[in-house]
Amino acid sequence: MTDTARTSTPSAAAAKHLKRRRAADGRFRYYGLIAILAALGALAVLVLTIGSQALSAATYHVVRYDVTLDPAVIAPEGANRPADIARNVDGFYGLVRDNLLETFPEAESDRVSRRELSDFVTRLAVLPTAKMIANSPELVGGDIAMTAPLNDDLDLYLKGQGVRERKIKAGQITAVAADGQAGYRVTGAGAFDALMAGLAVANVGRAKGAAQVDVLLTAGVSTGRLTDITSGSARLELLTGKAADFSNSRPAARIIVSPEAERTISDRQIAWVLALKEMGRVERVPRWTLLTNSDSTYPELAGGLAAIVGSLLTMLVTAMVAMPIGILAAVYLEEFAPRNRVTEFFEVNINNLAAVPSIVFGLLGAALYINFLGMPRSAPLVGGLVLALMTFPVVIIASRAALKAVPPSVRSGALAVGASQMQTVFHHVVPLAAPGILTGAILGMARALGETAPLLLIGMVAFVGDVPSGPTDESTVMPVLIFSWSNNAERAWEPLTSAMIVILLAFLLLMNGLVVFLRRKYERRW
């Protein structure tokens with residue numbers, strides 16, 4: 001009894017070692033938990049950063065224009081066919097510009113003001129209306145309410161981006177009197193106390209030697225610029241509307257920190273867009289054009305339809321080439337190929353190709369398909385073949401792993417009942433390995449969908465304004481479009497780039513979700 005008790009009781013050294021081992025196990029679990037939390041935190045930051053910008057691009061502002069479709073402008077003599085009307089961008093743009101000049105007659109005073117007002121809408125923004133009228137020529141001569149996207153800089157301003165400003169409610173203004181040729185004096189006891197306090201804060205934040213901040217005062221559809229501000233009075237330079245609108249009112253003041261010379265929009269343009277919004281002519285709507293329009297040089301008109309279709313065509317070519325050839329190669333190497341040095345040479349090189357940088361495949365594709373075979377540049381056919389070269393190793397390695405996972409007893413049983421090796425492989429082994437094979441193939445396709453570098457080298461970075469109708473048409477893909485938009489200088493491209501990233505991630509999540517579904521539905525556990 002004594003010897004048994006002595007042998008079953010651990011020694012002090014063994015107990016100490018066991019305690020250290022359990023502590024190490026506990027620390028390892030904590031390290032793993034910390035790593036998971038860090039990864040989730042990084043993912044959350046990525047999603048919030050991209051999602052917050054993409055949310056801005058999900059909507060945009062459109063302006064309503066009430067115009068009369070003058071036949072002399074829309075369908076002049078000799079150009080009144082539907083095709084001529086659809087191409088008459090200048091005529092429809094002239095109607096929009098005339099409507100704006102009628103709304104804001106002060107813009108007629110000088111050439112700069114007319115140009116600033118004309119910048120409210122891009123010329124090509126009227127093209128959908130022109131095509132709609134061309135399909136319904138009976139509307140010519142009547143009145144319609146047409147809408148067009150607002151200029152991208154003004155759209156960002158209405159979203160609270162692009163221009164740093166601070167809004168302050170002014171006090172009661174009791175009187176407005178003319179003060180010089182183009183100015184007015186607005187007065188009210190303590191009307192500008194809060195504004196002066198806001199100006200003091202804004203001036204503290206300005207860099208030394210920076211230009212003076214601008215202050216705009218808005219009452220209804222009327223807006224003016226304030227100067228010589230004191231507690232009870234200020235000089236008002238009227239930008240749009242009527243000075244009488246400020247009398248007996250509590251207008252809103254805007255302290256614009258960025259000087260006018262450093263902004264892409266002027267004070268007068270801000271006044272006009274605020275007036276249009278007050279009139280109810282500006283509306284914020286979903287940006288479906290991001291999915292229905294092709295690329296454009298104007299952010300408010302740009303869309304990713306051509307890139308989405310180009311990606312689908314490219315992936316179709318990649319799948320038709322990489323999947324059957326890669327799967328059949330894996331079946332041959334795993335089930336039929338003799339075990340010799342030649343086979344080992346191919347296996348080693350296939351494994352090495354999986355680690356080759358993707359840009360190398362782009363160089364190979366440019367040299368082989370374009371320079372040697374003379375295939376068209378910037379075409380989904382060439383892009384799909386290049387991506388197929390890159391996807392081959394992934395498909396082969398994943399397929400071989402799935403085939404190895406099938407128990408040898410399946411092969412032995414099929415051969416024992418008289419099946420040939422070909423029947424054993426294709427009637428029993430391959431069907432059982434199909435979930436793993438498809439999983440690897442789809443993951444390889446998902447990797448190819450997000451590739452940019454190899455496609456840049458075969459010319460798919462070109463500007464594409466039309467949706468490709470086939471694999472030989474000029475095209476681009478979503479990753480390349482994201483790359484192109486991110487290099488544009490205008491700030492409006494930033495949210496559009498994030499929105500296109502979200503669309504690309506949606507496609508990738510869809511493909512990965514398909515992988516999970518196939519694995520769970522058809523996977524066999526041995």
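The values are calculated or read from the model by the stated rules, or taken from the named source; none is laboratory data. All of these numbers come straight from a predicted model, not from anything done at the bench. As a convention, Cβ positions derive from the backbone with ideal geometry for all residues, glycine included, and neighbour counts pool all protein chains shown.
Overview of results
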read-out	value
Residue check, Val285 over 26 Å from Phe463 (Cα atoms) and within 29 Å of the chain's Cα centre (by Cα)	yes
Qualifying positions in the stretch 225-262 - more than 24 Å from Ser109 (Cβ to Cβ), hydrophobic (A, V, I, L, M, F, W, C) and in contact (Cβ under 8 Å) with a residue 40 or more places away in the chain	Ala252, Ala253, Ile255, Val257
Test: residue in the stretch 439-446 that is closer than 29 Å to Gly303 by Cβ, buried (at least 20 other Cβ atoms within 10 Å of the Cβ), touching a residue at least 12 places away in the same chain (Cβ under 8 Å) and under 16 Å from the mean Cα position of the chain (by Cα)	no
Residue in the stretch 454-463 that is more than 21 Å from Gly362 (Cα to Cα) and of a type outside the set (Gly, Ala, Ser) present	no
Near pairs, Cβ below 8 angstrom, 6+ apart or cross-chain, from the stretch 330-353 (among the hydroxyl-bearing types (Ser, Thr, Tyr)) to any residue that is buried (at least 17 other Cβ atoms within 10 Å of the Cβ)	Thr343/Leu333
Meets criteria (modelled with pLDDT of 90 or more, under 30 Å from Leu456 (Cβ atoms) and part of a helix (DSSP H, G or I)) for Ile350	no
Residues within the stretch 486-526 that are in a helix (DSSP H, G or I) and of a type in the set (Asp, Glu), tallied	1
One residue from Ala148, Ala125 being of a type in the set (A, V, I, L, M, F, W, C), part of a helix (DSSP H, G or I) and under 32 Å from the mean Cα position of the chain (by Cα)	Ala125
When residues of the stretch 96-133 are limited to those that are hydrophobic (A, V, I, L, M, F, W, C) and touching an Asp or Glu at 6+ places or on another chain (Cβ under 8 Å), the one surrounded by the most Cβ atoms within 10 Å (Cβ to Cβ)	Ala125
Residue count, the stretch 151-166 (criterion: modelled with pLDDT of 90 or more and not in a helix (DSSP H, G or I))	2
Neighbours by Cβ (under 7 Å, 6+ apart or cross-chain): first from the stretch 495-513, under 18 Å from Val45 (Cα atoms); second among the polar types (S, T, N, Q)	Pro495/Gln53; Pro495/Ser56; Thr497/Ser486; Ser498/Gln53
Residue within the stretch 103-116 that is assigned to a loop (DSSP other than H, G, I, E, B), β-branched (Val, Ile, Thr) and outside the structural domain of Gly241 (by TED's automatic domain parsing) present	no
Leu363 assigned by TED's automatic domain parsing to the domain that holds Gly459, touching a residue at least 24 places away in the same chain (Cβ under 8 Å), of a type in the set (A, V, I, L, M, F, W, C) and at negative phi	yes
